[in-house]
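Asker: Following this message is one structure expressed as structure tokens.
Taken together, the values in this text are just the output of simple stated rules run on the coordinates, not laboratory data. Note that this is a predicted model, so its numbers are computed, not measured. Cβ sites come from the backbone with ideal geometry, for glycine too, and all protein chains shown count toward neighbours.
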Amino acid sequence: MSDWASTTRLPVRVMLAEGLSVQGEIHLQPRVAAHDGSETPLELLNRGDSFLPLSMAHGKVVFLSKAQMVALTWSEGGNFDDPIRRSAARSIRMEVMMVGGSEYQGTAVSELPPIRSRALDFLNELESFFQLSTAEGTVCLNRRFVRAVRPMPV
């Protein structure tokens, strides 16, 4: 049996630019070319598509503009850790202040080369979103809406 049209659903909360918060489920691909396992929320957000589908509780689907997404958070399900990539990664603790006043404290994982492994190098990456593990769960933040970042000791 083929899993061509099947996706893994992950319950998330999305904060949009105007402050509206929406809850639903994102759809992750069961396989990706870059690594073993299913697609991660960060990979979904950094794909070239401008919109992503969000399944709502009442069974309807809404297409959200990634450019208008400030943050996507989840707290359960889906262990997206890749042990091979973890060995090359470096942890960066930071406090992130967003446009609109929300703040997040947590740890980001950087896979940058050793000569470019500062928090500033991580923040200046070209991808639109970056992931932060917090005490409440995991959040993907849109760099476009980051107001300021304060590095913290690990």
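Asker: What do the square roots of 5 times the Cα gyration tensor eigenvalues come to for the range 8-69, in whole Å, largest first, as semi-axes of the equivalent ellipsoid?
Answerer: Numbers: eigenvalues 87, 39, 17 Å².
Equivalent ellipsoid semi-axes, largest first: 21, 14, 9 Å.
Asker: Right, another one. Estimate the FRET efficiency between Ser50 and Thr107 by the formula 1/(1 + (r/R0)^6), using the beta-carbon distance for r and 25 Å for R0, to the nearest 0.05. Please list the in-between numbers first.
Answerer: Details: r = 29 Å, r/R0 = 1.17.
Calculated transfer efficiency: 0.30.
Asker: Treat each spin label as a single point 7 Å out from the Cα along the C-beta direction, and report the Arg93 to Thr8 distance in nm.
Answerer: 2.9 nm
Asker: Let me ask something else. Can you run phi through the Karplus equation (6.51, -1.76, 1.60; θ = phi - 60°) for the range 141-154 and list ³J(HN,Hα) in whole Hz, with x for Gly and Pro?
Answerer: Rounded to whole hertz, the list is 10, 7, 4, 4, 9, 7, 8, 7, 9, 10, x, 10, x, 7.
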